[in-house]
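Asks: Dumping the structure here so I can ask a few things about it.
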Amino acid sequence: MNKNLENQIKEELEEINQKNLMRKIDNLKFITSTRAIDENGKEYLVYGTNNYLGLTHHPDVIKSAQSASVNGTGSTGSRLTTGATFEAHELERNITSFKGTESTLLFNTGYMTNLGVIYTLCKKGDVIFSDRLNHASIIDGIKISKADVKIYKHKDTDDLERLIQEAVEENKTKNLTNNTQNNTNEENKTENENSQNFFIITDGVFSMDGDIAPLPELTEIAEKYNCCLIIDDAHATGVIGKTGKGTVEYYKDKTGTDLTPYVDLQIGTLSKALASEGGYVTGKKIYMDYLINKSRPFIFSTALSPATIASANTALNLLRENHEEYLSALRRNTRRMRELLSAGGLNVVEGETPIIPIIIGPAKLASEFAKKLEDEGILVSAIRPPSVPTGESRLRLTIIATHTIEEIENTADIIIRIWKELIAEK
Ligand SMILES: *Cc1c(COP(=O)(O)O)cnc(C)c1O
């Protein structure tokens, strides 16, 4: 037994607690897509799920999970052994056709997809240019890859281009030194110059602020400097774009240009709008062939269960058939909540997506706010450091298509009233 380690952990936990940053697990049972009960039976209206279309409780989705389970509950192995279910193959084909790409590969979560893609493709000597506000799974994938990383300012494509130019210069100097050292070895020179790759990696919709990556500029820069461009559309698929295809479609609606061929890889999750669990990467088939052969999170983990995949597939089919109905409800709800909260004097971060951050400031105030809302039967997450910078703690609401407009209006009233009470107390 290591007493020393236990004492260190205890001290660290006490420190976290003193800063009001202790995280804990609150158990919930969702009785509908928007309402949940806790273990005391208290009911809440929930504004914190990623269930953007409310499809977790759609009868067709539930039925498809049930019927897929008839052939066994678990997949029983990795995709390369016995876990290669028909369901997985069908969902991959469906995602490929939805995204208009060439090929798709499933992973077990969105998190594992980022790990599995990034550290397989990005090698020692490569340079990854990563947005400062990218999701933790991108950051972790970069960390375990042996590539160099340059963080550019959030959505700042000038800063990105400056960093790329710097890396190009550094590379030239390096090759020059290599050449003078090995000027007898011409082959070595070619190898060095060709083996280094540049990657640009960004969230499509950023998970904390709900803002959208500047994809047209990013594709231009990626073309200009020969970079592999990877976007993570976890919060974009099923949410933005006329038919919910995500960031690429969002810009196609805006500018008329289809950027699909200019984005090398699109990553996504089955756990948000697609009402299930799992992740995927989609793009050229050659990347998928490579990942199947080399990506350790793909190779060494048991594949998703048939029920999990079947429910995502049904959710995707529902989205493809009913995008107008779902997305207009989602947008109506989002607009109404943003309007009402801003009019009520709350510091709402502007945007178009159903992720609505309300900046509060001190972590303690954000926690108090969330607690008072909870007492009123409304569940909203307080986002505190280290998820956001110190002094920028916030409430983060997510709106979904199945909230009713009455629920949105009542909730906005309650949020505004409690905010006024809180500042009056201070
Ligand atoms: C949620 C999220 C993930 C992780 O997806 P999971 O399927 O929940 O593991 C990855 N990237 C981004 C941008 C996300 O928002």
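Asks: Can you tell me the orientation of helix 186-195 relative to the chain, as the angle in degrees between its alpha-carbon axis and the longest Cα principal axis, to the nearest 10?
Replies: Orientation of helix 186-195: about 10 degrees from the principal axis.
Asks: Counting only residues 5 or more places away or on other chains, whose amide H sits under 5 Å from the amide H of residue 245 once H atoms are built in the peptide plane?
Replies: The answer is 238.
Asks: Here is a further query. Quick one: P(r) of the stretch 1-87 from all Cα-Cα pairs, 10 Å bins, percents rounded to integers, in order of increasing distance.
Replies: Percent of pairs per bin, in order: 12, 21, 24, 23, 18, 1.
Asks: Moving on to the next point. Using only the alpha-carbon atoms of the chain as identical scatterers, what base-10 log of I(q)/I(0) does the Debye formula give at q = 0.07, 0.08, 0.09, 0.11 Å⁻¹?
Replies: After summing over all Cα pairs, the log10 values are -0.38, -0.50, -0.63, -0.93.
Asks: Taking the chain as the reference, fit the longest principal axis to its C-alpha atoms, fit the long axis of helix 59-69 to the helix C-alpha atoms, and give the angle between the two in degrees, 0 to 90, nearest 10.
Replies: 60 degrees
Asks: Taking only the C-alpha atoms, wrap a convex hull around the stretch 77-141 and report its volume per residue in Å³ as a whole number. Mind showing how you got there, number by number?
Replies: On the way: hull volume 8.1 nm³, N = 65.
Convex hull volume per residue, Cα atoms: 125 Å³.
Asks: Can you tell me the orientation of helix 306-343 relative to the chain, as the angle in degrees between its alpha-carbon axis and the longest Cα principal axis, to the nearest 10?
Replies: 60 degrees
Asks: So with the 1.4 Å probe, I'd like the accessible area per residue for the chain, rounded to whole Å². List each step's numbers first, then the result.
Replies: Working: 20920 Å² over 426 residues.
It amounts to 49 Å² per residue over the chain.
Asks: Here's something else I'd like to know. Could you work out the Rg to Rh ratio of the stretch 302-426, with Rh taken as the Kirkwood radius (inverse of the mean 1/r over all Cα pairs)? Can you show the working numbers first?
Replies: Details: Rg = 17.1 Å, Rh = 16.1 Å.
Rounded to two decimals, Rg over Rh is 1.06.
Asks: Rounded to a whole number, what % of the accessible area of the chain do carbon and sulfur atoms account for, probe 1.4 Å? Could the numbers behind the result be given before it?
Replies: Values: 10480 of 20920 Å².
Using a 1.4 Å probe with all protein chains present, the chain comes out at 50 percent carbon and sulfur.
Asks: Something else about it: In terms of modelled amide H atoms, which long-range or inter-chain residues lie less than 5 Å from the amide H of residue 229?
Replies: When sequence neighbours closer than 5 places are left aside, the close amide H contacts are 200, 264, 265.
Asks: Also, I was wondering about something else. Alpha carbon centre of the stretch 1-37 versus the stretch 255-276: separation in Å?
Replies: First find each Cα centre; the distance between them is then 33 Å.
Asks: Please identify, among 56, 173, 269, the residue showing maximal mean-square fluctuation in a Gaussian network model of the chain using a 10 angstrom Cα cutoff.
Replies: 173
Asks: Sticking with this structure for a sec: Taking every pair of alpha-carbon atoms in the stretch 42-164, give the share separated by more than 18 Å as a whole percent.
Replies: Value for the stretch 42-164 (Cα pairs over 18 Å): 71 percent.
The values are calculated or read from the model by the stated rules, or taken from the named source; none is laboratory data. Model, not experiment: these values are computed from the prediction. Side chains included, ligands, DNA and RNA excluded: accessible areas come from the protein's heavy atoms. Shrake-Rupley method; radii C 1.70, N 1.55, O 1.52, S 1.80 Å.
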